1. Report the residue count in the range 82-112 for those that are in contact with a Leu (Cβ under 9 Å, 6 or more places away or on another chain) and free of Cβ contacts under 8 Å to residues at least 24 places away in the same chain.
2. Can you list the strands (runs of 3 or more DSSP E) lying wholly within the range 169-282 that have 2 or more residues being more than 22 Å from ASP115 (Cβ to Cβ) and of a type in the set (Phe, Trp, Tyr)?
3. Is at least one residue of the range 489-502 crowded, with 16+ Cβ neighbours inside 10 Å, within 25 Å of ALA114 (Cα to Cα) and either more than 16 Å from the ligand (Cβ to nearest atom) or among the small types (Gly, Ala, Ser) (or both)?
4. In the range 411-468, what count of residues is obtained for those that are open to solvent by 30 Å² or more (accessible area, probe 1.4 Å), more than 16 Å from the ligand (Cβ to nearest atom) and part of a loop (DSSP other than H, G, I, E, B)?
5. Scan the range 158-168 and give yes if some residue there is within 25 Å of ALA73 (Cβ to Cβ) and either within 15 Å of the ligand (Cβ to nearest atom) or not charged (D, E, K, R) (or both), otherwise no.
6. If you check LEU353, LEU329, LEU302, which single one turns out to be crowded, with 17+ Cβ neighbours inside 10 Å, more than 16 Å from the ligand (Cβ to nearest atom) and not β-branched (Val, Ile, Thr)?
7. So is GLY358 of a type outside the set (Asp, Glu), part of a loop (DSSP other than H, G, I, E, B) and open to solvent by 20 Å² or more (accessible area, probe 1.4 Å) or not?
8. Would you please name the residue that is most open to solvent (accessible area, probe 1.4 Å), looking only at residues in the range 37-80 that are among the acidic types (Asp, Glu) and farther than 17 Å from ARG154 by Cα?
Amino acid sequence: EQRHGHYIGGEWTDGPSAGGRPASGRTESAESDSFESENPATGETLATFERGTAADVDAALEAATDAFEEWRALSYIDRAEYLWEIYHELRDRHEELGEIVSKECGKEISEGKADVTEAWHMVEWAAGNARHPHGDVVPSEVAGKDSSMRRKPRGVVGCITPWNFPVAIPFWHMAIALVEGNTVVWKPAEQTPWCGQIIAEMFEDAGIPEGVFNMVQGFGDAGAAITDDDRVDTVLFTGSAEVGHEIAGKVGGEPGKLAACEMGGKNGIVVTGEADLDIAVHSAVMSSFKTTGQRCVSSERLIVHEDVYDEFKARFVDIAEGIAVGDPLEEDTFMGPVIEADHVEKIRGYNDLAREEGATVLVDRFDLADEEVPDGYADGHWVGPFVYEIDYESDLRCLNEECFGPHVALIEYSGDIENAVEIHNDTPYGLAGAIISEDYRQINYFRDHADLGLAYANLPCIGAEVQLPFGGVKKSGNGYPSAREAIEAVTERTAWTMNNSTDIEMAQGLSADI
Ligand code: UN1
């Protein structure tokens, strides 16, 4: 029987009480002790989950704090063994879990499966790291001294993860945190509690010692109870800029506590006059419409040179007009639904805003024609591509704010690569972006001058691999909570120096005479 509670200190809580009133959809309701997971393609309820309170978070933090000393005392290799169990389970259950991801967050099935694949890649990287030397031997200027940099776990790591990668991103955070010797309190996104439940079951099946891994389901109030608590040493957050900036400001301001946050972007692709247009159009379509535009790395700005603008536009518009929107479990679907009803309204708002700010609309499939919505899916959260062209102006909100949907601007530029990069950099964000060009000088200029954490040439700006750093500059993030760089946020570095001689000799010529 499924319990659908929290996993705290090696035990499941009872789950939503029989008489508990489920929150309607995913709206927050303070009176409710439960909430529902919904299939965004059909609107149907998948399961009901217990809604975490401050008391649940308190219990989870207590358990994580108590478990820390024993967990850190294990060897790296022994800690990694638990993760290897999970690695095999993720692989063995690939198809099944990929379908669950697609059902709960609406991504088409190849993306659902890729989410699971990315999770095991991360586990493989983190657990494999246990057999890799980390730390540095550092030369000392004094012959009799040995210096090195050693890593230590920080303690309790609070992880807050988003719904759009409900399996991969939790492992970006937790696999490294755990192998490095930290204990974890995790809140999955309220939109994807089913994925949260399954991941917690995997930790249970792997036999992870009690209190090392804890999962509390719930909303932002449960998240705030984690991030605000003094027992938490590091907060790892991936999600919206609004929440991330709040956490970074609040937690980052507290001495001894560390927040690493990765937020969204207003990502751009530059197509120069020297671009291969097949690659340009293909990359732009993938970057704008995969995951129905709901990746933090999705592109919402296409900055195209005047020499190729008309041809690029015609080809991009043609594909956007025909792109297959539908049941995420069907193999030939390109775009599934968006995550929830409120998100449909948010996207509508940005489409309207673009019109008000002077856009010429090229494709508007926002209100999908009735016959396009598959039978039986009328209650799903459907939107189609919205493509517009607009004259670049620095302060247009539609070119600065992240919509997080299939909403994309075409901007024509003239002159050199410098002009394109100036437009590219003119947003508050700097997460991912791409240049499409056959001219290596233009490519190198973009690499060196575009404000980005993830930069691509002749590729879409989605699809990063876990062994690369994943994070952004400017308002897109700080501290890299994600993929391989998370190691920096979950470890302390000790500068260790040992004297091997019988005298004391100081560096910098400092006198040691007394
Ligand atoms: C996200 O966009 O929220 O780089 C994460 C990618 C994926 C991860 C995306 N590996 O597209």
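The values are calculated or read from the model by the stated rules, or taken from the named source; none is laboratory data. This one's a predicted model, so the numbers in the text were calculated from it and none came from an experiment. As a convention, Cβ positions derive from the backbone with ideal geometry for all residues, glycine included, and neighbour counts pool all protein chains shown. The area values use the complete protein model at the heavy-atom level, side chains included, leaving out ligands, DNA and RNA. Shrake-Rupley method; radii C 1.70, N 1.55, O 1.52, S 1.80 Å.
1. Adding up the residues that qualify gives 0.
2. none
3. No, that holds for no residue.
4. Going through the range 411-468 one residue at a time, the tally reaches 9.
5. Taking every residue of the range 158-168 in turn, at least one turns out to be within 25 Å of ALA73 (Cβ to Cβ) and either within 15 Å of the ligand (Cβ to nearest atom) or not charged (D, E, K, R) (or both).
6. Of LEU353, LEU329, LEU302, the one residue that is crowded, with 17+ Cβ neighbours inside 10 Å, more than 16 Å from the ligand (Cβ to nearest atom) and not β-branched (Val, Ile, Thr) is LEU302.
7. yes
8. The residue in question is GLU44.
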